[in-house]
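Contents: one structure, followed by commentary.
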Amino acid sequence: MKETYRDEWRVIVTLMPRRPADLGLTGLDEIAEFVAVAEPITVAVLPRRLGNLGFVSMGDRLVSRDVEGDYRRRCDEIAAELRQRPQVDEVTVMCTETHTCSHCRLRWEVLTADEAADDSTNQDEHSVEGEPVCCDKAIDEFRAERGIPQLAEGVVAYRNPDRPGVLLCREHGYGWAGLVPLKSDDLPDGGVCTYGDPAEPSDQCGRDVLIVKAGESA
């Protein structure tokens, strides 16, 4: 499942000064003339941190049970106040959104239509546009919600098409985009998982991919 986090809240303000006072230029009437700028001025107004209480500073989550909502409300208050100013032309509340997978916590990325149709980037012939690529649990959840057949049963290993010598067992290869799923018939001579540091044989998985672990289905 995709999770969205919002932070770096800010209010983007477009100013169109019409008089010196709009820019704080006061007290110069007798010695200066004001020429209006041809283009609007855009500035970012940042809300004060929730944890900044003036006399003490602490983490936002220590003072709020809804950090995202409180920042949004604080920015809305700032925006409402700024919209009343005559020199303010436009006000927009913005934030930065980060999308992650609820299962593996990696950045949420999905297949494009072209990637879903390409055997070098899709999981199998059932892959579709919008399918996540981060982990097998996300793919399984995505397919279950849409009635799409789960990743092929009977897969015993995965091979990297760009590096034929790389063979990964189901545990280490399942869910990685771009790997080719293999069944036992594709490995008449068997094979072992090469996952790990090639310079340290003791760190490699070395599992015989044709031997099914207890609890797994072939």
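The values are calculated or read from the model by the stated rules, or taken from the named source; none is laboratory data. Here the structure is a predicted model, which means the values were calculated and not measured. Every residue, glycine as well, gets a Cβ built from its backbone with ideal geometry; the counts of neighbours run over all protein chains shown. Quick note on the areas: whole protein, heavy atoms, side chains included, nothing else; ligands and nucleic acids left out. Shrake-Rupley method; radii C 1.70, N 1.55, O 1.52, S 1.80 Å.
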**Request:** Assess whether Asp124 counts as being open to solvent by less than 30 Å² (accessible area, probe 1.4 Å), outside any strand (DSSP E or B), charged (D, E, K, R) and at negative phi.
**Result:** yes
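Within 32 Å of the chain's Cα centre (by Cα), loosely packed, with under 10 Cβ neighbours inside 10 Å and under 28 Å from Glu129 (Cβ atoms), is that true of Gly147?
On the way: within 32 Å of the chain's Cα centre (by Cα): yes; loosely packed, with under 10 Cβ neighbours inside 10 Å: yes; under 28 Å from Glu129 (Cβ atoms): yes.
Against the criterion (within 32 Å of the chain's Cα centre (by Cα), loosely packed, with under 10 Cβ neighbours inside 10 Å and under 28 Å from Glu129 (Cβ atoms)), Gly147 qualifies.
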**Request:** Report those strands (runs of 3 or more DSSP E) wholly inside the range 1-113 carrying at least 1 residues which are under 30 Å from Ile139 (Cβ atoms).
**Result:** 2-15, 88-101
